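Reading through the structure tokens given below for one structure.
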Amino acid sequence: IGSFVRSEVRSLRDAAEEQIPPEREIARLRAEVRNLDQDHVKVVKQLARVQVEQGESRERVAVLEKRKTEVTEVMRARETAVRAAEAKAKAGEVNVSVVLGDTSVSLDAGRARLKDVVQTYLDVDATLTRTRAKLESQGRIAEQLEKQRAAFGRLKADLDAAIDSLE
């Protein structure tokens, strides 16, 4: 029974399609091509925007990596200076100062400055991690948009072939 019903439905669909004049079918297919072209343009614009954002994210990653390296150097220098001052204080020296570059500050101030640079390092590292994740996400989005763009091209070619065969 199921086979018979499917056969009847298929024959009714074929009969209905045969009743459609070729001119109307061609007009419908051309309208589909126009709609497809509009969707294709939207995808291309989105892809271009994502690629621009990817470039900006890559530049941001490079800047953040450079900043992280600079902050790491400052942090290590301050850590070394504070440790040296703490060693002097443990040895019994009084009024120990920490030399940070060209300035000399108290041990407590040196520790505070070290703590500040450590926090800066952590902030830069967190921002760098988020920016890298964003860049990875943008890459996946761009890949999907590229697949959609390619699919639109194939669909348009199929519709154009259908129009040509009807004409």
Conditions (1) touching a residue at least 24 places away in the same chain (Cβ under 8 Å); (2) out of contact with any His (no Cβ under 9 Å at 6 or more places or on another chain); (3) open to solvent by less than 90 Å² (accessible area, probe 1.4 Å): number failed by residue 156:
(2)
Pair list, Cβ < 8 Å and 6+ apart or interchain, from the range 18-35 residues that are within 11 Å of residue 156 (Cβ to Cβ) to residues that are loosely packed, with under 12 Cβ neighbours inside 10 Å and hydroxyl-bearing (Ser, Thr, Tyr)
none
Report whether or not residue 82 is β-branched (Val, Ile, Thr), closer than 30 Å to residue 129 by Cα, surrounded by 15 or more Cβ atoms within 10 Å (Cβ to Cβ) and touching a Phe, Trp or Tyr at 6+ places or on another chain (Cβ under 8 Å).
no
The number of residues in the range 1-46 that are closer than 30 Å to residue 141 by Cβ and hydrophobic (A, V, I, L, M, F, W, C) is 6
Residues (in contact (Cβ under 8 Å) with a residue 12 or more places away in the chain and among the β-branched types (Val, Ile, Thr)) located in the range 117-153
117, 118, 120, 124, 127, 131, 141
Considering only the range 25-41, state which residues are acidic (Asp, Glu), open to solvent by 60 Å² or more (accessible area, probe 1.4 Å) and within 18 Å of residue 146 (Cα to Cα).
39
Restricting to the range 105-161, what's the tally of residues that are within 27 Å of the chain's Cα centre (by Cα) and under 30 Å from residue 85 (Cβ atoms)?
8
Output the residues belonging to the range 55-82 that are of a type in the set (Lys, Arg) and either over 14 Å from residue 125 (Cα atoms) or not in a helix (DSSP H, G or I) (or both).
58, 76, 78
Pull up the range 8-24, narrow it to residues that are hydrophobic (A, V, I, L, M, F, W, C) and farther than 20 Å from residue 160 by Cβ, then point me to the one that is most open to solvent (accessible area, probe 1.4 Å).
12
For the range 93-111, how many residues meet the condition of being assigned to a loop (DSSP other than H, G, I, E, B) and either in contact with a Pro (Cβ under 6 Å, 6 or more places away or on another chain) or open to solvent by 50 Å² or more (accessible area, probe 1.4 Å) (or both)?
5
Among the candidates 61, 5, single out the residue that is among the aliphatic types (A, V, I, L, M) and surrounded by 12 or more Cβ atoms within 10 Å (Cβ to Cβ).
61
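The values are calculated or read from the model by the stated rules, or taken from the named source; none is laboratory data. On a predicted model such as this, the values are computed, not experimentally measured, just so you know. We place every Cβ from the backbone using ideal geometry, glycine too, and count neighbours over all the protein chains shown. What goes into the accessible areas is simple: the full protein's heavy atoms, side chains included, and nothing from ligands, DNA or RNA. Shrake-Rupley method; radii C 1.70, N 1.55, O 1.52, S 1.80 Å.
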